[in-house]
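The values are calculated or read from the model by the stated rules, or taken from the named source; none is laboratory data. Worth saying up front: this structure is predicted, and the values here are computed from it rather than measured. We place every Cβ from the backbone using ideal geometry, glycine too, and count neighbours over all the protein chains shown.
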Amino acid sequence: MIKIFIVEDQTMFRDTLEYMINGQEDMEVIGTTDDAAEALDLCRKLNPDLVLMDVVTKRTSNGPPSNGIRYSAEIRKELPDIKIVIMTGYPEITFAEEARKAGAHSFLQKSMDKEHLLYVIHSTMKGVGFYPGPFDSSPFAGKFSETEVLVIRLVCQGLEREEIAEKLSVSEATVKKLIKGVLDITGFDSIAKFAIFAVGKGYIVPEIS
């Protein structure tokens, strides 16, 4: 029996996953939470075989959303035998690569169908990870440097160039150069326009911790 722990803040989707998984002869949901920040502590208590981890979950306390990828890395470090499958509903330009770096075994879009989900769970448990390749839900995935992505995210948070320069400990001229690089890649004539577009499409999730 595959013991599964679900981290998902959308109640209807979480309930659907639980119903679907519990309907399988070889799977059982042993626990759920809507806050990724609680995942490590609950994994210590429940000892699941596999975690289905949403990337962006609501935080129990006040603050920005909890980052499921960050907490997946903590689980992998302390409890390396637990398999982790990352799920997201966003075509965010960084999530797939960040999930790889965090040690997640597989990566899924929430638009998956039942058969695909079950296939990935079984494959992951057998040691065969699943990542879309190339991950191209966003036309900009893999096209920016880490610093450019950080600048984009800060712009999307509403920071001005001076504030971005201070936050990154670089000059405003450097920030201007980075923004120009982003605009050259995207074809937009304004970083503000690209920020609105990127957030609206889900290519950037501005605040996640």
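In this structure, is ILE75 farther than 21 Å from GLN10 by Cα and either in contact with an Asp or Glu (Cβ under 7 Å, 6 or more places away or on another chain) or at pLDDT 95 or above (or both)? Spelling it out, ILE75 is indeed farther than 21 Å from GLN10 by Cα and either in contact with an Asp or Glu (Cβ under 7 Å, 6 or more places away or on another chain) or at pLDDT 95 or above (or both). Please go through (1) in contact with a strand residue (DSSP E or B) (Cβ under 6 Å, 6 or more places away or on another chain); (2) under 24 Å from PHE140 (Cα atoms); (3) hydroxyl-bearing (Ser, Thr, Tyr) for THR88 and return the number of the only condition it doesn't satisfy. It fails just one condition, (1). Among residues that are more than 18 Å from ASP15 (Cα to Cα) and either surrounded by fewer than 18 Cβ atoms within 10 Å (Cβ to Cβ) or over 14 Å from the mean Cα position of the chain (by Cα) (or both), LYS126 is included. Here the condition is being within 17 Å of ILE21 (Cβ to Cβ) and part of a helix (DSSP H, G or I); of GLU115, GLU98, it holds for GLU115 alone.
Among the conditions (1) closer than 26 Å to THR186 by Cα; (2) assigned by TED's automatic domain parsing to the domain that holds MET20, ILE121 misses just one, which is (1).
Scan segment 178-209 for residues that are within 23 Å of the chain's Cα centre (by Cα) and in a loop (DSSP other than H, G, I, E, B) and the total you get is 8.
Scanning segment 75-117 for residues that are out of contact with any Ser or Thr (no Cβ under 6 Å at 6 or more places or on another chain), among the aliphatic types (A, V, I, L, M) and farther than 12 Å from TYR131 by Cα yields ILE75, LEU79, ILE82, MET112, LEU117. Given the condition within 24 Å of GLU97 (Cα to Cα) and either exposed (fewer than 14 other Cβ atoms within 10 Å of the Cβ) or assigned by TED's automatic domain parsing to the domain that holds TYR90 (or both), answer yes or no: does some residue in segment 162-174 qualify? Looking through segment 162-174, none of the residues is within 24 Å of GLU97 (Cα to Cα) and either exposed (fewer than 14 other Cβ atoms within 10 Å of the Cβ) or assigned by TED's automatic domain parsing to the domain that holds TYR90 (or both).
Here SER145 meets the list (1) farther than 30 Å from ILE82 by Cα; (2) surrounded by 16 or more Cβ atoms within 10 Å (Cβ to Cβ); (3) at pLDDT below 90; (4) not charged (D, E, K, R) almost entirely, failing just condition (2). Mind counting the residues in segment 10-42 that are assigned to a helix (DSSP H, G or I) and within 20 Å of PRO65 (Cα to Cα)? Count: 11. From the list HIS105, HIS116, the one residue that fits, being out of contact with any helix residue (DSSP H, G or I) (no Cβ under 9 Å at 6 or more places or on another chain) and either free of Cβ contacts under 8 Å to residues at least 60 places away in the same chain or not assigned by TED's automatic domain parsing to the domain that holds LEU17 (or both), is HIS116. Output yes when any residue across segment 95-114 is buried (at least 19 other Cβ atoms within 10 Å of the Cβ), farther than 22 Å from VAL199 by Cβ, more than 16 Å from the chain's Cα centre (by Cα) and at pLDDT 90 or above, and no when none is. Looking through segment 95-114, none of the residues is buried (at least 19 other Cβ atoms within 10 Å of the Cβ), farther than 22 Å from VAL199 by Cβ, more than 16 Å from the chain's Cα centre (by Cα) and at pLDDT 90 or above. For segment 44-81, residues that are surrounded by fewer than 22 Cβ atoms within 10 Å (Cβ to Cβ), within 21 Å of LYS101 (Cα to Cα), free of Cβ contacts under 8 Å to residues at least 60 places away in the same chain and in contact with a strand residue (DSSP E or B) (Cβ under 7 Å, 6 or more places away or on another chain) total 1.
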